[in-house]
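Structure first, commentary second.
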Amino acid sequence: MSDEAQDAQGAPEAQKAREEREAQREEWLERAHEAGDEGDFEQMVEVLREALEQLPGDPFVLCWLGVAERELGFDGIAYERFKQAVAADPGDPWLLATAGNALAAFDDPEAEGVLRTAALLGPDVPTARWMYGAYLTREGLFDDGLGELRAARDLAPDEAVISYEMGVNRWMAGEQGEALTLFAEAVERAPDDGWARVVLGLALFEAEQLDEAARELEAGARLRDDDAEAQFLAALALAAWGDDDSAWLMLERGRLSAEGTDTLTADAVEERLGEGHEEALQMLAEQLAPSILRERLGARP
């Protein structure tokens with residue numbers, strides 16, 4: 001049999017093998033995502049590790065396994081999963097965007113190239129465009145980042161995360177009025193996003209809109225029970241606004257979530273609440289709000 005005939009005969013078999021592998025992968029990923037949707041990341045990791053034994057080197061399994069392991073706090077091994085997923089040269093823009101964004105969180109210099117490739121391969125994939133835009137924003141390339149984010153918004157105009165990231169871009173670029181509008185838009189589209197509410201509250205406080213800031217900080221803190229910083233910010237803002245009962249309640253929530261980690265801040269906030277409204281306002285304005293806003297804006301998505 002000639003080489004050409006052998007190649008022709010082998011092509012359908014190779015195609016069938018690829019299809020079987022993809023079907024097998026989808027079955028594993030579906031099981032993993034069911035566990036992840038329920039917040040059971042331990043089960044998700046178990047399923048995906050088993051899948052990896054059956055599908056060694058599969059970039060999709062590696063990427064999702066990295067996501068699940070990172071949720072459990074296994075940052076080191078998750079980082080290796082993302083690196084392996086990218087090294088497999090998957091060519092899928094959504095996967096590359098997810099892995100590239102994860103690499104950016106580890107300050108890996110390869111992240112920029114991976115995210116740029118994702119945006120080039122998937123110009124019509126909103127996730128690829130906004131994740132690249134978010135990366136460029138945090139690298140100080142505000143115009144380039146805004147271009148990617150606007151492209152993403154054109155593709156998915158109702159996505160709250162895109163509004164939020166555009167708000168980050170505009171705030172960092174010094175366009176605070178525009179940023180406030182975008183943060184408010186993000187919260188309106190995703191009212192249960194406590195992180196965005198806290199950032200909106202901090203931005204409103206910087207814009208000297210104390211009453212609205214206090215309301216948003218309280219709402220964000222209530223959505224983020226384990227976020228001690230959010231509770232302390234809400235406590236000080238509410239005290240400065242004059243709502244003492246709510247301020248003390250938020251302080252106690254913060255003390256519970258900060259137990260064993262940040263009791264010094266809890267004590268300092270309690271002292272300021274006891275001293276009065278002006279003292280609470282001063283601590284918020286001079287010690288907590290500016291630095292926490294800067295840190296949260298700089299946090300990778």
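Among 91, 39, 100, whose mean-square fluctuation peaks in a Gaussian network model of the chain (Cα, cutoff 10 Å)?
39
Quantify how much of the Cα-Cα distance distribution of the chain extends past 26 Å, in percent.
The answer is 55 percent, as a whole percent.
No value in this document is a laboratory result; all are computed from the given coordinates. Quantities reported herein were computed from a predicted structural model and do not represent experimental measurements.
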